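The values are calculated or read from the model by the stated rules, or taken from the named source; none is laboratory data. All values derive from a computational prediction rather than experimental measurement. Reconstructed Cβ throughout: ideal geometry from the backbone, glycine too, with neighbour counts over all protein chains shown. Only protein heavy atoms, including side chains, enter the accessible area calculation; ligands, DNA and RNA are left aside. Shrake-Rupley method; radii C 1.70, N 1.55, O 1.52, S 1.80 Å.
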Amino acid sequence: MNDWESWYDKNFEETLKGRYINFNSISPLLKHHKNTFRVSSVGKTVLGRPIPMIDLGNGKNKVLIWSQMHGNETTCTKALFDFLKFIEHHKTTESVDRLLSNFHIYIVPILNMDGAHTYTRENANKVDLNRDFQKFSQPESSVLKQVFEKVKPGLCLNMHDQRTIFGVDKKHPATISFLSPAADSMRSITAARRHSMDLIEKMNAVLQAFISNHVGRYDDTFNLNCAGDYFQHAGVPTILFEAGHFPQDYHREITRKYIFLALLALFDLTFIPPKPWKSYHLIPENVKIFRDIIFRNVKVSDINKKIDVLVQYKEVLEDSNIKFNAFIEDVGEFPNLIGHREIDCTNINFQKINKDMIKKGAKLPYIFNKNGEKLTSFS
Ligand SMILES: [Zn+2]
């Protein structure tokens, strides 16, 4: 399927858009996909919301995929529904037929359904489910463990979003980062870990043709409380997906397309460049080098110095929409950081700005453009 991109641009799952994806958003799709795939409920959340699962194929190779373990990390959920639509559209083709007879894929699209509703990382008990894989104190983490034990997958995909601060280098944000999680504190290359690395190399080989220098490698510090480390430690190859920032794409509609492409590559549904692929360890490790906005050379009336102001957006759920509110993270000199937007204020006279207004944590009432005009959004 080498014309994946033209299919995608016309056919992606457009009923899912933006950052706020919850049960109401996917409910019509679950009903629709019952016609082609199997849809079930695998458990309930703290607040009694059902946790749905979609499964497809009848093959021996079992793959367990979950997204939105963190309720506000929705990009991969969108990509998974793009992937399901692709399979549905191509079910009579030889390549999809082969996939469905070789694989049995289990998808839990939103594990943290309560957090998805409130657009929070944690569940309704304010627990980070990705730190609960020793205690299993929460219904949602227990559900995932039960599904894992029942399915006995040969591969797990643990799908998340990462912050805009991560870069691959000084120019490129980390649009997608992968990790083959550590299986022990020595970070040994176990057979499971090696297999995950091979699959990451394969996906990266395809992604580089479209978003070169936008793929990073996530930090592999071992923490058995995390889902990925737990499953990898149990000997099952596990891959962490971190959907990240692409320039100007705060709604992550471009990133989702490349997560979709990574899934096609993983399941051999698109052209795969011949080996040798770039070694996993040569994929650049994420660096925390970006900020959403950096105002440079800001002249503040009551200190006689020009300073940089770092600004990060915080996403807030308001009337079923995600608003990006800008907050000052820090003030000082930051020559080594890079803004997704850099605003040089050398010639801007902010007459009323004093140092009390640009302190850490302050919410910016407005963003200014390079002419000093007020902008109320980043677009
Ligand atoms: Zn996450």
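What to note about this one:
- Boolean, residue 116 is of a type in the set (Gly, Ala, Ser), in contact with a Phe, Trp or Tyr (Cβ under 6 Å, 6 or more places away or on another chain) and either within 16 Å of the ligand (Cβ to nearest atom) or in a helix (DSSP H, G or I) (or both): no
- Some residue of the range 94-102 being open to solvent by less than 30 Å² (accessible area, probe 1.4 Å), aliphatic (A, V, I, L, M) and closer than 21 Å to residue 231 by Cα: no
- Filtering the range 137-154 to residues that are open to solvent by less than 40 Å² (accessible area, probe 1.4 Å) and either more than 16 Å from the ligand (Cβ to nearest atom) or assigned to a strand (DSSP E or B) (or both) leaves 142, 143, 147, 148, 151, 153.
- Candidates 157, 179, 207 - the one that is under 16 Å from residue 68 (Cα atoms), open to solvent by less than 20 Å² (accessible area, probe 1.4 Å) and under 20 Å from the mean Cα position of the chain (by Cα): 157
- The condition (being open to solvent by 60 Å² or more (accessible area, probe 1.4 Å) and either touching a Ser or Thr at 6+ places or on another chain (Cβ under 6 Å) or closer than 30 Å to residue 359 by Cβ (or both)) is satisfied by just one residue among 242, 315: 315.
Each row is one residue, and each column tells you yes or no for (1) touching a residue at least 12 places away in the same chain (Cβ under 8 Å); (2) assigned to a strand (DSSP E or B); (3) among the β-branched types (Val, Ile, Thr); (4) within 26 Å of residue 12 (Cα to Cα).
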{"site": "95", "(1), (2), (3), (4)": "yes, no, no, yes"}
{"site": "99", "(1), (2), (3), (4)": "yes, no, no, yes"}
{"site": "106", "(1), (2), (3), (4)": "yes, yes, no, yes"}
{"site": "122", "(1), (2), (3), (4)": "yes, no, no, no"}
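- Top-ranked residue in the range 62-90 [being more than 15 Å from the ligand (Cβ to nearest atom) and outside any helix (DSSP H, G or I); ranked as nearest to the chain's Cα centre (by Cα)]: 64
- Here is the figure for the range 163-176: residues that are within 16 Å of the ligand (Cβ to nearest atom), open to solvent by 10 Å² or more (accessible area, probe 1.4 Å), of a type outside the set (Lys, Arg) and part of a loop (DSSP other than H, G, I, E, B) total 2.
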